[in-house]
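The values are calculated or read from the model by the stated rules, or taken from the named source; none is laboratory data. These numbers were taken from a predicted model, which means no experiment stands behind them. A quick note on method: Cβ atoms are made from the backbone with ideal geometry, for glycine too, and the neighbour counts reach across all protein chains shown.
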Amino acid sequence: MSASTTTIALLAGLSGLALTSFASEAKAQDCTPPRMMMVLDKSSSMETGTIANQTKWDIAVGALDQVTAQFDDQIELGLTIFPDPNQCSPGTMKVSPALATHNQMMAQLAEAPPTGGNWTPMSQTLDALASMPSMTTTAMPRYAVLITDGWQWCSPYDPSTRFDAVDSVAGLNAIGVTTYVVGFGASVDALTLNQVAVTAGTAIAGCDPSGDSPTAANPCYYQADDPAELIAALTAIAGEVSGQEVCDGQDNDCDGLVDEGLVQSCGTACGTGTETCSNGAWSGCDAPLPAAEVCDGQDNDCDGTVDPGCACVPGESRPCGSPDACQPGVQDCNADAQWGACVGGIEPSEEMCDGDDNDCDGNVDEMSDDVGGLCPTGQSCEEGACTDIGPADPGDEDGVPAEGGQVSGCGCQTGAGSTGGSSMLLMLGTALLLWRRRRA
């Protein structure tokens, strides 16, 4: 390879490297982390006050340790402590806001407050914060988190200063700093903290600004009464401040990924589902979509009405006929979603001599008499057919046949044992005839 060729290749490689570096730098510049100053109360009550046998100071330090470690690479975190150096001095910034300041902050929090002599100059500290260069810059979003366990208080106490912190927060608003408020423990000035949160624009939705007790329902500030609640409050604030990833095509949380893991609920008239963010837009909702209504027993267009205009679902069948039918028929749903004719049913009819239970009463060929019954006069129904009725057999008056003979209609006996009776009658008839002739 010639020297000129080598040079060209080298320049091309350097050019590609430069473009890659520029792209990486541009990518880094696309993500500007927010800045948040932790403003911590170091009054003596934080050391003398306890919760579950643990000082409020130790609880606060433990919570900050956990939360700042979690957001150390996402938020430029700083630390201001008040009073500092003592009594009612305005707070002093101990750690300048930057990424990866967790260890510095923990070192500054190693020393506990004195057990007496430190008061609570909230408003003075917030006023000082508004003049710190790190908070007046407009290069990134800026936030302050006020954590206190008491009232606006300096010795001697001046009641007229109670709500001074409200004006101080209004001053921070004016330079673009958003303030969150965390009240820690049962001795906070709930009414002042409510007003501060409302003025800061960080009041919790649905809160009651008039609450004047730490135990009042629905405070506008974050009320924490134990370690878990303090950690939860700080985590919620840091999560909101960190620019949690939103669906906008940007790396909001500065982790090198864009719109990652964003899933939200979605829905249609037919139900709910979820959709995923892709390239700054929500798409792909998997909720069922309305469809044209068809006769299928479903509310296809999800308007609350199932199969309007359809009498049935094509292809289905149902029994039909009267309630007294001997055998129900079958009715089919045709292609027009309407019921067809009832076929195959057997309805009750007058009983006939045919071997069937025509009237469906459980009896076959039944009749009370033959006159006007199942068969013509002189016939009876036998085994499903009308049959002539034969002459009746004679018998005695009691209906008992004579021995060796049959019952006759006149009650006399005939047969082998009747010769003597016939001769007697003949003799009587002859005698009667002779007697009549003599008289003549």
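The one condition from (1) touching a Ser or Thr at 6+ places or on another chain (Cβ under 8 Å); (2) surrounded by fewer than 17 Cβ atoms within 10 Å (Cβ to Cβ); (3) within 28 Å of Ser155 (Cα to Cα) that Asp58 does not meet is (1).
Taken together, Asp332, Asp393, Asp370 contain a single residue that is in contact with a strand residue (DSSP E or B) (Cβ under 8 Å, 6 or more places away or on another chain), at pLDDT below 80 and of a type in the set (Asp, Glu), which is Asp370. For Leu172, are the conditions met, namely being among the hydrophobic types (A, V, I, L, M, F, W, C), closer than 20 Å to Thr92 by Cβ and touching a strand residue (DSSP E or B) at 6+ places or on another chain (Cβ under 7 Å)? Taking the combined requirement at face value, the residue satisfies it. Of all residues in segment 338-351, those that are on the phi > 0 side of the Ramachandran plot have Cβ atoms under 8 Å from Cβ atoms of residues that are in a strand (DSSP E or B), 6 or more apart or on another chain, in Gly344/Gln327; Gly344/Gly329; Gly344/Val330.
A single entry from Thr179, Thr199, Thr161, Thr148 fulfils the requirement of being closer than 23 Å to Glu47 by Cα, hydroxyl-bearing (Ser, Thr, Tyr) and touching a residue at least 24 places away in the same chain (Cβ under 8 Å): Thr148. Scanning segment 248-256 for residues that are touching a Ser or Thr at 6+ places or on another chain (Cβ under 7 Å) and closer than 26 Å to Met37 by Cα turns up at least one hit. Could you say whether any residue in segment 72-85 is more than 44 Å from the chain's Cα centre (by Cα), part of a loop (DSSP other than H, G, I, E, B) and not charged (D, E, K, R)? Yes - at least one qualifying residue is present in segment 72-85.
Here segment 139-176 is the region considered, the condition is being among the acidic types (Asp, Glu), more than 25 Å from Val67 (Cβ to Cβ) and in contact with a helix residue (DSSP H, G or I) (Cβ under 8 Å, 6 or more places away or on another chain), and the residue that is surrounded by the fewest Cβ atoms within 10 Å (Cβ to Cβ) is Asp167.
Considering (1) in contact with a Phe, Trp or Tyr (Cβ under 7 Å, 6 or more places away or on another chain); (2) at pLDDT below 90, the lone condition that Thr202 does not fulfil carries the number (2). Scanning segment 93-138 for residues that are within 30 Å of Asn252 (Cα to Cα) and hydroxyl-bearing (Ser, Thr, Tyr), we see that the one that is surrounded by the most Cβ atoms within 10 Å (Cβ to Cβ) is Thr101.
Only one residue in Cys353, Cys295 is closer than 30 Å to Ile389 by Cα, surrounded by 12 or more Cβ atoms within 10 Å (Cβ to Cβ) and modelled with pLDDT of 85 or more. Which one?
Working: Cys295 fails: closer than 30 Å to Ile389 by Cα.
Cys353 is the lone residue from the list that is closer than 30 Å to Ile389 by Cα, surrounded by 12 or more Cβ atoms within 10 Å (Cβ to Cβ) and modelled with pLDDT of 85 or more.
Residue-wise test of (1) surrounded by 15 or more Cβ atoms within 10 Å (Cβ to Cβ); (2) more than 21 Å from the chain's Cα centre (by Cα).
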| site | (1), (2) |
| --- | --- |
| Leu234 | yes, yes |
| Cys247 | yes, yes |
| Asp253 | yes, yes |
| Gly267 | no, no |
| Cys270 | yes, no |
| Thr276 | yes, no |
| Asp286 | no, no |
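Is it the case that Leu79 is crowded, with 18+ Cβ neighbours inside 10 Å, modelled with pLDDT of 95 or more and farther than 16 Å from Leu126 by Cα? No, not satisfied.
Taken together, the residues in segment 78-97 that are of a type outside the set (Asp, Glu) and either on the phi > 0 side of the Ramachandran plot or in contact (Cβ under 8 Å) with a residue 40 or more places away in the chain (or both) amount to 11. Where strands (runs of 3 or more DSSP E) fall entirely within segment 222-285, those with at least 2 residues that are among the hydrophobic types (A, V, I, L, M, F, W, C) are at 263-268, 281-283.
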